[in-house]
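The structure under discussion appears below in the form of structure tokens.
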Amino acid sequence: MKQITITVLMAFFVALQVFAERVDMREAGVDNQEALKNTEIINNTINRLNKAGGGTLFFPSGDYLTASIHMKSNITLELEAGATLRFSDNFDDYMPFVEMRHEGVMMKSFQPLIYATDAENITIKGEGKLDGQGKAWWKEFFRVLIDLRDNGKRDINKYQPLFEQANDMKTLYAETNVDWHSTLDRRFLRPPFIQLLRCRNVRIEGITIVNSPFWTVNPNFCDNVTVKGVTINNVPSPNTDGINPESCSNVHISDCHISVGDDCITIKSGRDLQARKIGRPCENITITNCTMLSGHGGVVIGSEMSGGVKKVTISNCVFDGTDRGIRIKSTRGRGGVVEDIRVSNVVMSDIKREAVVLNLKYSQMKMEKKSERTPVFRNIFVTGLTVRGTQTPLKVDGLPEAPIEGIVFRDIYVNDAKEECLFRDCKDLVIDDVYVNGEKIKYEK
């Protein structure tokens, strides 16, 4: 009897999946004219399908205008080849402020372009395009930045006083280090393109994403995240990182092509005291078969890593023209531990700075006694690199009070390097079969 009951239940759930509604959004009335009207149609459809157990919003070939899309459990966004979902560049369309995370700090600010909280089984897929139309956001960012520099703190847009009203500014300043206070002083913080908070079973596959206002794919506190076959192209623009999982577990990133105005893929876990209180690491992360064509770093960990980062593999990737290749960075005051990192089979060319850099002096914070504010890097294994063209092949720069521990560089071949390797404030460093410009590197302790 028990077996029969289980079989019936399984059949029931399969039937639900088979008959989940698929809505053609053009037939539902979405067009390329009125962002707020289309947003209402899209979000109402999501809410209706969610209440019915789930379903798919299908966008056939065409151009569609929208503002912030709020995803719910068991919802799929599917974009056909030739479909472009274009997001409004009117800042009012991303009000009121919502709970979100900006550069590793929980706060209230503009609604992300695609947003979800406490949901599961979310999919964004297809061969179409998501266009964030970020130029207006970038322009206002620079306007605020320059005005703050030239005139001090004042209100030059209506969103800055609203930001102060929505947040406990005293606590935000108290829980972050002084190296970030200039960001808080701006009080105009651009939204990420896709930010999902506390979600499970997330899949983003096949789509092309362009012109993000800020970070592009940014899951936070999520479990079981897959990003596969995604192309991200943000023209030279400020802080438009590609894929940034923060405080997530069980993340698989593969077969992606990324060209952005900041880091291509960055693993993070929050900033400073606030993130140490939350205590959620980023862990069980695999990154494989990706191509990075431009960006500040190919694959980066930090500098917001106060919750810790552990158990990460980076393999079978190509970096062509990034500023740095592999970069692990933090600074005094962050705290947190980065450990158990393995990098293998990466090909790099035309790297403008370091091919591999481990740096605990990112923000040049003043020296302080070792404490929970002191970041720790340990157990980092790098093997099977081929590099043609770089400034510095390998750089390790720890802290006197916290040397970087347990580093292995093995089977690495670098040609056309302009400078020598640098190893400072580190211990238990192994260098095996590492060649720079044809010469075998020897490390003397």
With θ taken as phi - 60° and the coefficients 6.51, -1.76 and 1.60, list the Karplus ³J(HN,Hα) couplings across the range 423-438 in order, rounded to whole Hz; mark glycine and proline as x. 10, 9, 6, 9, 8, 6, 9, 10, 10, 9, 6, 10, 10, 10, 6, x
If you add up the charges near N234, with Lys and Arg at +1 and Asp and Glu at -1, over every other residue whose beta carbon is less than 14 angstrom from its beta carbon, what do you get? -1
Taking the Cα centre of the range 11-116 as origin, sum charge times position over the Cβ atoms of Lys and Arg (+1) and Asp and Glu (-1), and report the length of that vector in debye to the nearest 20. 420 debye
How large is the translational diffusion coefficient of the range 131-283 in µm² per second when you combine the Kirkwood radius over alpha carbon pairs with Stokes-Einstein at 20 °C and 1.002 mPa s? 129 µm²/s
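Just to confirm the filter: which GluC sites (Glu not before Pro) across the range 384-421 are DSSP coil and have at most 15 other Cβ within 10 angstrom of their Cβ? Kindly include the intermediate steps, with their values, before the conclusion.
Working: sites: E401, E405, E419, E420; in loops: E401, E419, E420.
Qualifying residues, ordered by number: E401, E419, E420.
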Quick query: amide H of I114 versus all other amide H atoms, modeled in the peptide plane; which residues come in under 5 Å with a sequence gap of 5 or more or a different chain? I69, I194, Q195
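Within 10 Å of each candidate Cβ there may be at most 16 other Cβ atoms; applying that plus a DSSP loop requirement, which trypsin sites (Lys or Arg not before Pro) in the range 345-422 survive? List each step's numbers first, then the result.
Details: sites: K352, R353, K361, K366, K369, K370, R373, R378, R388, K395, R410, K418; in loops: K361, K366, K369, K370, R373, K418.
Counting only loop positions with at most 16 other Cβ atoms within 10 Å, the trypsin sites (Lys or Arg not before Pro) in the range 345-422 are K361, K366, K369, K370, K418.
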Taking amide H positions as placed 1.01 Å from N in the peptide plane, with prolines and chain starts having none, which residues 5 or more places from K361, or on another chain, fall under 5 Å of its amide H? S330
Fluctuation leader among W137, W180, W215 - the chain, Gaussian network, Cα springs under 10 angstrom: W180
Give me the angle, in degrees from 0 to 90, between the Cα long axis of helix 2-18 and the longest principal axis of the Cα atoms of the chain, rounded to the nearest 10. 80 degrees
Just want the answer: with Cβ charges of +1 for Lys and Arg and -1 for Asp and Glu, which residue in V251, N234, A81 is farthest toward the dipole's positive end in the range 2-322? V251
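For the range 45-143, what is the per residue volume of the convex hull drawn over the alpha-carbon atoms, in cubic angstrom?
117 Å³
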In angstroms, what radius of gyration and Dmax does the chain have, counting Cα atoms only? 22.8, 77
Only Lys, Arg (+1) and Asp, Glu (-1) charged, at Cβ; the chain dipole about Cα centre in debye: 1000 debye
List the lysines whose Cα lies under 25 Å from the Cα of K352, skipping any in the same chain that are fewer than 8 positions away. K268, K329, K361, K395, K418, K440, K442
Need the full-extension length gain, N437 to A136, defined as separation in residues times 0.36 nm minus the C-alpha distance. One decimal, nm. 103.8 nm
What is the fewest-to-most order of V210, V387 by other Cβ atoms lying within 10 Å of their Cβ? V210, V387
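Between E401 and E27, how high is the FRET efficiency from 1/(1 + (r/R0)^6) when r is the Cβ-Cβ distance and R₀ = 56 Å? Nearest 0.05.
Values: r = 64 Å, r/R0 = 1.14.
The calculated FRET efficiency here is 0.30.
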Karplus-derived 3J(HN,Hα) from phi for the range 338-348 (6.51 cos²θ - 1.76 cosθ + 1.60, θ = phi - 60°), whole Hz, x at Gly and Pro, runs 10, 8, 6, 10, 10, 10, 8, 6, 10, 10, 10
Considering the options S371, S303, W215, tell which one lies farthest towards the positive end of the dipole of the chain, charges being +1 on Lys and Arg and -1 on Asp and Glu at the Cβ, about the Cα centre. S371
Output the antiparallel fraction of DSSP beta bridges having both residues in the range 2-322, as a percent to the nearest 5. 5 percent
Quick check on the chain: helices-only [θ] at 222 nm, where DSSP H runs of length 4 and up contribute -39,500 (n - 2.57) each and the sum goes over total residues. Nearest 500, please. -5500 deg cm²/dmol
For I404, which sequence-distant residues (separation of 5 or more, or a different chain) have an amide H within less than 5 Å of its own amide H, given hydrogens modelled in the peptide plane? G398, L399, C426, K427
For the range 137-149, take each phi angle, set θ = phi - 60°, evaluate the Karplus expression 6.51 cos²θ - 1.76 cosθ + 1.60, and give the result in whole Hz per residue in order, putting x for glycine and proline. 5, 5, 4, 5, 4, 5, 4, 5, 4, 5, 5, 4, 5
Pick from N151, N244, N211 the residue whose mean-square fluctuation is largest in a GNM of the chain, springs joining Cα atoms under 10 Å. N151
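Any read-out appearing in this document is the output of simple, stated calculations on the displayed coordinates, not a laboratory observation. Predicted model, so just to flag it, every value in this text is computed and none were measured. Note that each Cβ is placed from the backbone with ideal geometry, even for glycine, and that neighbours are counted across all protein chains shown.
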